[in-house]
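Structure first, commentary second.
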Amino acid sequence: MARFRYSMQSILDIKLKMETQAKQEFAAARAALDREEEKLERLRQRKREYEGRAAQLLNGELDLRQIEENQTAILTLDHFIADQVTCVDAARRELERMRGRLTEVMQERKTHENLKEKAFQQFLAEENRREGKEVDELTSYVYGQRRNEEGKKVPV
């Protein structure tokens, strides 16, 4: 039996490598988004702590300097949070871009794998036709040999 060789195997190999690379890029984008979201959550937690401290400062003896510093810290954190929200949005857009690229690369790979499967099925069909032809030729030869042997026999 002949051996199957897919003529576009090198292209399929490249598509597999591209898919692996796209998966790695997607994972890196996901990790970057996770880091940005974690930073945002830490900033929000810090703001909650300052807000809690502000409530404490307003109860009991009032220290205007501490109240003012606390308010300034809260306003500064609001700016940091707004900047971080922008960073999180950018990381999300990058993740979606990577997801789209990964999907595209996976579709290309699947297309080439389907083409390879079709080529293999055609190869098997051709092999079956070739083997069938060989069997028919062998059967015809054997049948012809038997007829020749029967024709050569001299009746007694």
Once every DSSP H run of n ≥ 4 in the chain is given -39500 (n - 2.57) and the sum is divided by its residues, what mean residue ellipticity at 222 nm do you get, rounded to the nearest 500 deg cm²/dmol?
-34000 deg cm²/dmol
More than 19 angstrom apart: percent of Cα pairs within the chain:
75 percent
Whole-Hz ³J(HN,Hα) from phi, Karplus 6.51 cos²θ - 1.76 cosθ + 1.60, for region 14-25, glycine and proline x
5, 4, 5, 5, 5, 5, 4, 5, 5, 5, 5, 5
Residue-span extension gain [E68 to F80] - 0.36 nm each, minus C-alpha spacing
2.5 nm
Taking a virtual spin label 7 Å from the Cα of E104 along the C-beta vector, which residues in region 15-45 bring their backbone nitrogen under 19 Å of it?
15-30
Explain nothing, just the number: dipole magnitude of region 60-137 about its Cα centre with +1 on each Lys and Arg Cβ and -1 on each Asp and Glu Cβ, in debye rounded to the nearest 20.
420 debye
I'd like the distance between the alpha-carbon centres of region 51-72 and region 17-33, rounded to an integer number of Å.
46 Å
Rounded to the nearest 0.05, FRET efficiency between Y143 and A2 (Cβ-Cβ, R0 22 Å) equals 0.25
Long-range lysine pairs (8 or more apart or interchain), the chain, Cα under 28 Å:
15
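No value in this document is a laboratory result; all are computed from the given coordinates. On a predicted model such as this, the values are computed, not experimentally measured, just so you know. Every residue, glycine as well, gets a Cβ built from its backbone with ideal geometry; the counts of neighbours run over all protein chains shown.
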